[in-house]
Amino acid sequence: MTTLENAAAVLKLFQQKGVTRGHLGLTFTDVVEALRLPKSTVSRLLATMEGQGMLERDPDSRCFHIGRVLLSVAGHYLSAPLVDSASPAMARLADKTGCIGYISRLDGYDLIVMRMFHGRQFTQLVTPPGSRMPAACCWRSSVKKRYVSASRTAGRLYRLIRHKRWMRSARG
């Protein structure tokens, strides 16, 4: 594997181990065992990723966590124009109903939570932004129908905006 593939494998470990959900982080041993690479290679890889801001190490536990550079990039990903424009309406809905609200995006057969809005009611299960879950486990057929309708509308809107931009660039 290349260095980039190894770094991607380290980042995927965070998702596999559920580190974003209160886990202490990844230890050096976790990475060595999962990647099945020599300790010296893993040591250099983790040191480079830490030096570039992709990972941070807790001084007490010595566990690795996602670094500021990746968090910044994730913030841009989670702030897509459609998500930003839908957020005020979802915030009002969560406030009005008192229920938690999510804006999610379909990625293959999974949903990726893009943004979460807290309601007034206590919630035992919270799915943080960036989380991935199988779409089939959390959709009822009526919600599917609404999503398919909304995604078709969003697709048409996207194509219209793209066409208008192309027309403007062709004119000028």
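Here are some conditions: (1) farther than 23 Å from residue 29 by Cα; (2) touching a strand residue (DSSP E or B) at 6+ places or on another chain (Cβ under 8 Å). Residue 97 meets all but one. Which one does it not meet? It is condition (2) that residue 97 fails.
Per the conditions (1) in a helix (DSSP H, G or I); (2) crowded, with 17+ Cβ neighbours inside 10 Å; (3) modelled with pLDDT under 80, the sole criterion not satisfied by residue 94 is (3). Report yes if residue 122 is at pLDDT 80 or above and of a type in the set (Phe, Trp, Tyr), otherwise no. Answer is no for this residue.
Here is the figure for segment 97-110: residues that are outside any strand (DSSP E or B) and closer than 21 Å to residue 77 by Cβ total 2. When residues of segment 57-70 are filtered for being closer than 19 Å to residue 16 by Cβ, of a type outside the set (Val, Ile, Thr) and not in a loop (DSSP other than H, G, I, E, B), how many remain? Residues that pass the stated criteria total 3. Suppose the filter is closer than 20 Å to residue 10 by Cα and at pLDDT 85 or above; does residue 43 pass it? So residue 43 fits the description; yes. Any idea which of 73, 42, 32 is surrounded by 14 or more Cβ atoms within 10 Å (Cβ to Cβ), closer than 30 Å to residue 6 by Cβ and without any contact (Cβ under 8 Å) to a residue 12 or more places away in the chain? After ruling out the rest, the residue left standing is 32. Name every residue in segment 76-91 that is loosely packed, with under 14 Cβ neighbours inside 10 Å and in a loop (DSSP other than H, G, I, E, B), in order of residue number. Within segment 76-91, just 79 meets the criteria.
Looking at segment 38-56 only, could you name the residues that are outside any loop (DSSP other than H, G, I, E, B) and within 21 Å of the chain's Cα centre (by Cα)? Full working, then the answer.
Keep residues of segment 38-56 that are outside any loop (DSSP other than H, G, I, E, B), which gives 39-51, 55-56.
If the condition is that a residue be outside any loop (DSSP other than H, G, I, E, B) and within 21 Å of the chain's Cα centre (by Cα), then 49, 50, 55, 56 are the ones that fit.
The values are calculated or read from the model by the stated rules, or taken from the named source; none is laboratory data. This one's a predicted model, so the numbers in the text were calculated from it and none came from an experiment. Cβ atoms come from the backbone with ideal geometry, glycine included; neighbour counts cover every protein chain shown.
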